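S.K.: Take this structure, written in structure tokens, and hold onto it; I'll ask about it next.
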Amino acid sequence: MKVTRFVLITALLAAPAAAFAQGANPITAGAKAQFDAVSGFVVRAAEKIPDDAYAFQATADVRTVAQLVGHIADGFMGMCSTAGGGKPPRTGIEKGVTGKANLVAALKESVAYCQTVYGAMTDQRGLETVPFFFGPSPRSAVLYFTVAHAYEHYGNLVTYMRLKNIVPPSSEPKPTK
């Protein structure tokens, strides 16, 4: 429980200030703002990496790009379903889906699913505990952990992209107005 509280407090402190100004559910709004940012980076990275680089593996003991994209999609499905209190609408993406087009589609599907969970969450409901990896955890903590997990693996994708001389989405120049 101490780890869960630490994760939740850390995530709350890191949430964009604008999210807290959004009304009755600032914790949920903060989690959603963080999810929107990282899921956008992950989807853009998956789209930007060429088909032939999906088989790339930095070393023999780590995931390929394809496996990473599938793992992130599985993570979104599993963790968001835990936070939402349902069953994941889809599983086995990492091991069962091949090809860039199919993996990007599955990733987008997992993001859309999570968007429904974040959209239906309230701060009050977010305080309810659910079974999770670290023991009973508040639903909000699970949503913030979903963000942390995605950033961890986005970091893997960034490294792979850099090794392939591809600029990651988070490093692209900001569009001028």
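Laboratory data are not the source of any read-out in this text; all were calculated from the coordinates shown. Keep in mind it's a predicted model, so treat the numbers as computed, not measured. Reconstructed Cβ throughout: ideal geometry from the backbone, glycine too, with neighbour counts over all protein chains shown.
S.K.: List the residues, sorted by chain then number, that are 5 or more residues from Ser137 or on another chain and whose placed amide H is less than 5 Å from its amide H.
M.R.: Val130, Phe132
S.K.: Under 14 Å Cα-Cα from Lys87, which aspartates and glutamates qualify once same-chain neighbours fewer than 8 residues away are excluded?
M.R.: Partners within reach: Asp74.
S.K.: Tell me, what ³J(HN,Hα) does each residue in the stretch 88-96 have, in order and in whole Hz, if you take phi through Karplus 6.51 cos²θ - 1.76 cosθ + 1.60 with θ = phi - 60° and put x for Gly and Pro?
M.R.: Each residue of the stretch 88-96 in turn: x, x, 7, 9, x, 5, 4, 9, x Hz.
S.K.: Counting residues in the stretch 49-177 as N, plug N into 2.2 N^0.38 Å and put the Cα Rg over that result.
M.R.: That ratio works out to 1.15.
S.K.: To make sure I understand, if each residue's beta carbon is the centre and we count other beta carbons within 10 Å, what order do Leu157, Leu163, Leu68 fall in, fewest to most?
M.R.: In increasing order of surrounding Cβ atoms, one gets Leu163, Leu157, Leu68.
S.K.: Which order do the peptides 130-139, 76-85 take when ranked by the mean count of other beta-carbon atoms within 10 Å per residue, highest first?
M.R.: Ranking the peptides 130-139, 76-85 by packing returns 76-85, 130-139.
S.K.: Just want to confirm a number: the relative contact order over the stretch 18-96, from Cα pairs under 8 angstrom separated by 6+ residues, in percent.
M.R.: The normalised contact order for the stretch 18-96 reaches 18 percent.
S.K.: Given the options Asp74, Asp52, Asp123, state which has the largest fluctuation in a GNM of the chain using a 10 Å cut-off (strictly under) for Cα springs.
M.R.: Looking only at Asp74, Asp52, Asp123, the largest GNM fluctuation is found for Asp52.
S.K.: Go through 37-44, 164-171 and give me the packing order, highest mean Cβ count within 10 Å leading.
M.R.: Peptide ranking by packing, descending: 37-44, 164-171.
S.K.: Further question: Helix by helix, which DSSP H runs in the chain go 27 Å or more along their axis at the Cα atoms and have an average Kyte-Doolittle hydropathy of 0.5 or more?
M.R.: Length and hydropathy pass: 65-84.
S.K.: For the pairs Lys32/Lys108; Lys48/Lys108; Lys108/Lys177; Lys100/Lys177; Lys32/Lys100, flag any whose C-alpha to C-alpha distance is greater than 21 Å.
M.R.: Lys108/Lys177; Lys100/Lys177; Lys32/Lys100, as the Cα separations exceed 21 Å there.
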